[in-house]
Amino acid sequence: MKNAAAMLDCPNPNCQAANPEENKFCHKCRTRLVQQYLWAIADVAAYQPGSLLGDRFLYKGSQIFLDTKPALPSINSSELPAHFLPYLRLSPLRLHVPQVYEWLPTAHPDSGLLLLDYAPIWVPFSEDKADLKFAEGSAPLFPQLLEAWQSANPLRQLNWLWQMANLWQPLSSEQVVSSLLDVELLRVEGGILRLLELRSDATQAPISLSALGKIWLQWSETAKPEIATRIRQISQQLIQGQIHNAEQITERLDEAIAQIGQVYTRKIQVATLTDQGPTRQRNEDACYPQSGTKIQNPAIPLVIVCDGIGGHQGGDVASNLAIEAIEQRMKVLKPKALDPITLTVELEKAACSANDQISQRNDSEQRHDRQRMGTTLVMGLMRDYELYVTHIGDSRAYWITRWGCHQITLDDDVASREVRLGYSAYRQALQQPSAGSLVQALGMGSSNLLYPTVQRFIVDEDSIFLFCSDGLSDNDRVETCWDTEILPILDGKADLTTVSRRLVEIANTLNGYDNATVGLLQCQMEVAQPTPHLS
């Protein structure tokens, strides 16, 4: 460990010039620099700001390190200690739970220094933001939930509780649910609840939901008057054991959110664009609505992106078959008439229906193994204040707000599976030769063996949702351009059609080896009527 100036290597493998930390672009080749700030789980008393760990990780103070060589692979191939494994197995929840970036052994073999990515560190993303401050005791973190609680509107307060309820069971299964009871760890990025780190439960016995009720009962005293009584009722039911599981909490919160959500009006816009790209002979991507479309307030706000698999064997056929199958099913679905569980099941069935049509086509043409055509799927359905995201494969969905950009789908590839099963950290898994190989896609087999992911999000602020194929998402293109290219939409400084074209241009010029497809869904929210008091 040694002291070093804050110099950041250019991620361009043909450049790798050293740059001052404050630079946004490489001074030599103008590549966008990656500022990877990491939260440390360790006793950091031995580290001084400015010291360099492993000739790579610069200590900034306040438990935060900067990776000065972010383009390089992981430097550690050893197994992660068992008490850190929940971070891996909870990787599908990375919107809320930070993820393992690097683990460095120390003199204590059972501990080590764990560096976490996706921690709630506030990183300025445009030129007009203040510089990061790393003075001891004032780490640049998103605010604690309780710091933002009283000023939040009723929908957001209920949304935070709803997210806690949905996190209860997966965190409980990993014996880290006490993380939800530590107010120091509960951070908020606008409407998104984020954990600073995970804390292991002190006992092997399951933690009772009454502990959650006691915290919420305290919070009900400063909740908005319109919902205070309802939160108090739910809290008392938890304490008295009248609510037996997290699903029942969610049901009660859903009822409250449905009533509060009625006071908002929403302006929805969708736009899509797909392009063959500069090197491919055909476009195997497909999208819904039709490419080049821009629609305001559609009857069913739906965006679909599919990336065909099979090359000349029929990837384009598979992607278009999937779009047609899902479109037909959604036309008769009537989403607003369904409860959340039923709608989730119907979206799974829609994915399976598309899978069956492609599989039947494969079988009728006697396609086997690698000859079978298939497709990825990422689909977003907006229903009032809810977004439902259905996903199979490695096409992605991103959620952009004024606070940040988050990938909200997890690729169905070998590397992500290794992480989810607790076998290795993601950056280690990426070094495998088959890391990017898909583990499931539509059309490859029976729907009995298909596991589509359907996620439900409560949207309580103006948002942009980007759905795209890997022609754009490869090489972190979205992460490095969202603030300059997509964020201006929220301030009325750009429109969806122009941004769609710009994103395809970025895909073609900076990646350029694949088809590129983008679907944008914008949600603008306004309060239209007084908020009712819930009894």
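The values are calculated or read from the model by the stated rules, or taken from the named source; none is laboratory data. Source: prediction; values computed, not measured. Every residue, glycine among them, receives a Cβ derived from its backbone with ideal geometry; neighbour counts consider all protein chains shown.
Under the condition of being more than 25 Å from PRO289 (Cβ to Cβ) and touching a residue at least 40 places away in the same chain (Cβ under 8 Å), the residues counted in the stretch 510-535 number 11. Identify the single condition in (1) within 28 Å of the chain's Cα centre (by Cα); (2) under 19 Å from LEU104 (Cα atoms); (3) modelled with pLDDT under 85 that ASP67 does not satisfy, given that it satisfies every other one. ASP67 satisfies all of (1) within 28 Å of the chain's Cα centre (by Cα); (2) under 19 Å from LEU104 (Cα atoms); (3) modelled with pLDDT under 85 except (3). Inclusion of LEU198 among residues that are part of a loop (DSSP other than H, G, I, E, B) and in contact (Cβ under 8 Å) with a residue 40 or more places away in the chain is warranted. Counting only strands (runs of 3 or more DSSP E) that sit completely within the stretch 265-352, those holding 2 or more residues that are surrounded by fewer than 19 Cβ atoms within 10 Å (Cβ to Cβ) correspond to 294-296. Listed by position, the strands (runs of 3 or more DSSP E) contained in the stretch 37-89 that have at least 3 residues being surrounded by 20 or more Cβ atoms within 10 Å (Cβ to Cβ) are 57-61, 64-67. The set of residues in the stretch 419-443 that are modelled with pLDDT under 95 and charged (D, E, K, R) contains only ARG427. Against the conditions (1) in contact (Cβ under 8 Å) with a residue 60 or more places away in the chain; (2) closer than 30 Å to SER78 by Cα, GLN440 satisfies every one except (1). Pairs meeting the criteria (first residue in the stretch 449-460 and assigned by TED's automatic domain parsing to the domain that holds THR401 and over 23 Å from GLU189 (Cα atoms), second residue among the acidic types (Asp, Glu) and buried (at least 18 other Cβ atoms within 10 Å of the Cβ), beta carbons under 9 Å, at least 6 apart or on different chains) are TYR451/ASP412; THR453/ASP412.
THR222 passes every criterion in (1) touching a residue at least 60 places away in the same chain (Cβ under 8 Å); (2) polar (S, T, N, Q); (3) touching a helix residue (DSSP H, G or I) at 6+ places or on another chain (Cβ under 8 Å); (4) part of a helix (DSSP H, G or I) apart from (4).
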